[in-house]
Amino acid sequence: MARNFRRHRGAHPIADLNVTNLIDLGFILLIIFMIATPLIQQEQTIPVKLPEESKSAQPKSTKDSKFHSVSIDASGRFYLDNDTTPLNLGVLKSRLAVYAREKDKPVVRIRGDSAVPYGKIIQVMDELKKLDLTSVTFDTQAAP
C-alpha cells in the first residue's frame, strides 16, 4: 500500500470574493439617503413651479454659508424658509432684517413661481438691497 507523504500547500489562492466592505458601503449609502431625503422634501412644502433654465455648471458655496429661502407662489404670496404661513411684504421685510443683523450675512435663495409677476420678485430684491443682503441666488429647475 502506497502512502503519499506530501504536505498540502498552505498558500493556495482563495477563489472567494470578500464582499464585507461592499456591504458596509451599501449600508452607509442607505443611511445617507435616508437622512437626506426628508431634508429635500422639507424644502418643497410650498408649492412653487420653478422656471426652467438650461443646464450649466454652478459655483460652489463655502461650507459655512447659511441659506434662507424666500418663496413666492403663483398668487404672489411670500413665504420665508419652510414656514407655510403666507407673509405680506412688511412682515417679510422685518424678518429679513433679523438676518441682516447677523455677523455672517446669509445667502438668500429666491424661489419664485414661473407664473408670478416679475414685479413681485423685484420687490423682494429691492428689500434685500435695502437691508444689504447682497448674496442672492435664484432657484430654477433644469429644462428637460
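Values quoted throughout were computed directly from the atomic coordinates according to the rules given, and no laboratory measurement underlies them. Keep in mind that this is a model prediction, so the values were computed, not measured. Ideal geometry is used to build each Cβ from the backbone, glycine not excepted, and the neighbour counts take in all protein chains shown.
On a full-extension model of 0.36 nm per residue, what is the gain between Asn21 and Met34, subtracting their alpha-carbon distance, rounded to one decimal in nm?
Here the segment from Asn21 to Met34 would lengthen by 2.7 nm.
Which net charge results for the neighbourhood of Leu133, defined as the other residues with beta-carbon distances under 15 angstrom from its beta-carbon, given Lys and Arg at +1 and Asp and Glu at -1?
+3
If amide hydrogens are placed 1.01 Å from N in the peptide plane, which non-local residues have theirs closer than 5 Å to the one on Val48?
Correct list: empty.
With the crude spin-label approximation of a point 7 Å out along Cα→Cβ, what separation in nm comes out for Asp132 versus Asp64?
1.9
With a 10 Å Cβ neighbour count serving as the proxy for reagent exposure, in which order, fewest first, do Ser75, Ser69, Ser135 appear?
Exposure proxy ranking, most exposed first: Ser75, Ser135, Ser69.
Counting other beta carbons within 10 Å of each Cβ, put Ile110, Ile46 in order, fewest first. It would help to have the intermediate numbers written out before the result.
Details: Ile110 16, Ile46 19.
The most exposed by this proxy come first: Ile110, Ile46.
Hey, fewest Cβ within 10 Å first, where do Val107, Val48 land in order?
Val107, Val48
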